[in-house]
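S.K.: Before I ask anything, let me first share the structure, which is written out below as structure tokens.
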Amino acid sequence: MKQPSPPAHCTFEPDDWLRLARCWHPVARLCDVGAAPAKAVLLDEQLVIYRINDQIVVAKDVCPHRGVPLTLGFNDEHGIICPYHGLRFGEDGRCNRIPSSPDQPIPAKLNLINFPVEVRFGLVWVCLAPDAENPAPLPTMPHWHDDGFQQITCPPFDVAGFAGRQVEGFLDVAHFAWVHTETFADASNQAVPPYNPVETDYGFAVDYWSSVSNYAAGSDRQAPEGFQWLRHFEMHLPFTATLTVHFPDDARLVIMNAASPVSARKTRMFAPIARNFDLHISVEEVHAFNHRVFEEDRLMVETQMPERLPLDLTLEAHIPADRSSIAYRRGLKKQGYGEFFLV
């Protein structure tokens with residue numbers, strides 16, 4: 001089988017692109033995928049997404065006949081139709097109609113180049129270069145399927161920055177008192193107690209205990225005196241992390257930060273949420289609050305220099321609060337990522 005290759009004008013080094021393409025990345029919310037062709041970009045690859053007969057198809061956004069993007073087309077009950085010559089593509093990306101030659105057998109060469117798809121956590125995940133001998137696992141998310149938990153999939157959030165920088169910011173616990181004071185953090189609570197990431201098969205996990213509240217700023221609710229908040233992080237390399245926040249009274253909030261690498265300089269961030277409290281609060285309010293939190297991070301991520309994430313730890317200074325950041329970079333380096341991440 002021919003090894004997949006990076007698309008033209010790819011912003012990643014070829015070896016790094018292939019390593020990333022062997023992983024699963026989200027490209028859309030399930031609720032946003034319908035019969036009509038929709039566009040997505042993953043690792044610089046232009047994609048078309050559509051639904052037919054309860055199957056979701058993700059393929060290269062190019063008609064194999066004369067190269068027109070299928071996202072310019074439309075759908076009928078049997079597939080999506082190229083606007084140039086009317087060729088139609090249905091299940092598994094197979095061509096099922098040639099209007100100009102209706103009686104001709106359809107050659108396999110006219111089928112779309114499609115990719116494996118999985119639906120998890122309200123998201124459509126894609127693997128551009130599956131490795132049959134060593135398939136990549138999909139990330140997991142605590143409590144998504146547990147009784148008593150509400151599942152919410154927030155609208156995607158676009159960042160003009162590299163996915164690695166965005167994920168590293170999600171893992172960072174020292175910036176709360178400086179960046180998130182309008183949403184939940186206390187500007188006077190700046191100290192970061194010691195914590196220790198533990199390596200796992202999928203990356204690493206870490207329990208971070210502190211007195212920083214996760215109640216919304218201005219909320220009349222307070223944790224009991226002396227309450228210690230547990231934030232449990234799980235990093236699924238390369239770009240998906242989950243955070244489980246332990247509230248008083250066994251309340252739990254889980255946020256997945258799935259940073260989809262549109263390119264080396266653009267990220268589409270997806271955020272499924274599971275919670276077992278405040279179920280009376282509307283989904284729209286949850287969307288709005290989480291958008292505010294991620295919006296607070298935007299300026300930091302989009303202006304960091306270098307734009308890429310240096311895996312050579314000597315290229316940036318580090319402080320004790322950076323243990324998760326260092327574990328993240330070491331994990332990526334261990335997986336073999338190379339030149340792209342070094343400068």
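The values are calculated or read from the model by the stated rules, or taken from the named source; none is laboratory data. Predicted model, so just to flag it, every value in this text is computed and none were measured. When we count neighbours, we look across all protein chains shown, and the Cβ atoms used for this are built from the backbone with ideal geometry, even at glycine. These accessible areas exclude ligands, DNA and RNA; they are computed on the full protein's heavy atoms, side chains included. Shrake-Rupley method; radii C 1.70, N 1.55, O 1.52, S 1.80 Å.
S.K.: Hey, which of these cross-link pairs are over 27 Å Cα-Cα: 60/333; 39/266; 39/109?
M.R.: Violating the 27 Å Cα-Cα cut-off are 60/333.
S.K.: Please work out the C-alpha center-to-center distance from the range 267-322 to the range 1-69 and express it in whole Å.
M.R.: 25
S.K.: Could I ask something else about it? Calculate one ³J(HN,Hα) per residue across the range 71-82 by plugging θ = phi - 60° into the Karplus curve 6.51 cos²θ - 1.76 cosθ + 1.60, and present them in order as whole Hz with x for glycine and proline.
M.R.: Karplus-based 3J(HN,Hα) across the range 71-82 equals 5, 7, x, 8, 10, 10, 6, 10, x, 9, 10, 5 Hz.
S.K.: Starting from the range 198-288, pick out the GluC sites (Glu not before Pro) whose DSSP state is loop and whose Cβ has at most 14 other Cβ atoms within 10 Å.
M.R.: Passing sites in the range 198-288 are 225.
S.K.: Add -39500 (n - 2.57) for each DSSP H run of 4 or more in the chain, then divide by its residues: what number comes out at 222 nm, to the nearest 500 deg cm²/dmol?
M.R.: When only DSSP H runs of four or more count, the value is -4500 deg cm²/dmol.
S.K.: Over the range 65-106, what is the relative contact order in whole percent, taking alpha-carbon pairs under 8 Å and six or more residues apart? Let's see the in-between values first.
M.R.: On the way: 55 pairs, mean separation 9.6, N = 42.
About 23 percent, as a whole number.
S.K.: Every cysteine in the chain with no other Cys Cβ under 4.7 Å from its Cβ, please list them in numeric order.
M.R.: 10, 23, 31, 95, 127, 154
S.K.: Which Cα, out of 240, 7, 180, lies furthest along the positive dipole direction of the chain (beta carbon charges, K/R +1, D/E -1)?
M.R.: Value: 7.
S.K.: Could I ask something else about it? Relative contact order for the chain: what percent, with Cα pairs under 8 Å and sequence separation of 6 or more? Walk me through the intermediate numbers first.
M.R.: Details: 683 pairs, mean separation 61.7, N = 343.
Taking the mean separation of contacting Cα pairs over the length of the chain, I get 18 percent.
S.K.: Now, a different point. Residues of the range 256-343: accessible area per residue at 1.4 Å, in Å²?
M.R.: 50
S.K.: What's the magnitude of the charge dipole for the chain around its Cα centre, counting Lys and Arg as +1 and Asp and Glu as -1 at the beta-carbon? Answer in Debye, nearest 20.
M.R.: So the magnitude is around 1080 debye.
S.K.: Helix 283-303: angle to the longest alpha-carbon principal axis of the chain, degrees 0 to 90, nearest 10?
M.R.: It works out to around 90 degrees.
S.K.: Now for a separate question. Using the Cα centre of the range 17-166 as origin and beta-carbon charges of +1 (Lys, Arg) and -1 (Asp, Glu), tell me which of 71, 34, 148 is placed farthest towards the positive end of the dipole.
M.R.: Going by the Cα projections, it comes out as 71.
S.K.: Same structure again: Roughly how big is the range 44-134's charge dipole about its Cα centre, with Cβ charges of +1 (Lys, Arg) and -1 (Asp, Glu), in debye to the nearest 20?
M.R.: Charge dipole, the range 44-134, about its Cα centre: 320 debye, nearest 20.
S.K.: Here's something else I'd like to know. If you put +1 on each Lys and Arg Cβ and -1 on each Asp and Glu Cβ, how big is the dipole of the range 235-343 around its Cα centre, in Debye rounded to 20?
M.R.: That gives the range 235-343 a dipole magnitude of about 500 debye.
S.K.: Once you put a point 7 Å from the Cα of residue 96 and another 7 Å from the Cα of residue 84, both along the Cβ direction, what distance in nm separates them?
M.R.: 2.3
S.K.: Just the accessible area per residue of the range 71-228, please: how many Å² with a 1.4 Å probe?
M.R.: Value for the range 71-228: 54 Å² per residue.
S.K.: Taking all protein chains as present, what is the carbon and sulfur share of the accessible area of the chain, in % to the nearest whole number, probe 1.4 Å? Please report the intermediate quantities before stating the final value.
M.R.: Numbers: 8710 of 16810 Å².
Ligands and nucleic acids excluded, carbon and sulfur give 52 percent.
S.K.: Here's something else I'd like to know. Which one, 209, 196, 85, is farthest towards the positive end of the dipole of the range 82-219 when Lys and Arg carry +1 and Asp and Glu -1 on their Cβ?
M.R.: Most positive-ward Cα: 85.
S.K.: Another question about this same structure. Just checking my list (1) 63, 21, 16; (2) 32, 22, 19; (3) 40, 24, 16 against semi-axes √(5λ) of the Cα gyration tensor in Å computed from this structure; which label fits?
M.R.: Evaluating semi-axes √(5λ) of the Cα gyration tensor in Å on these atoms matches (3).
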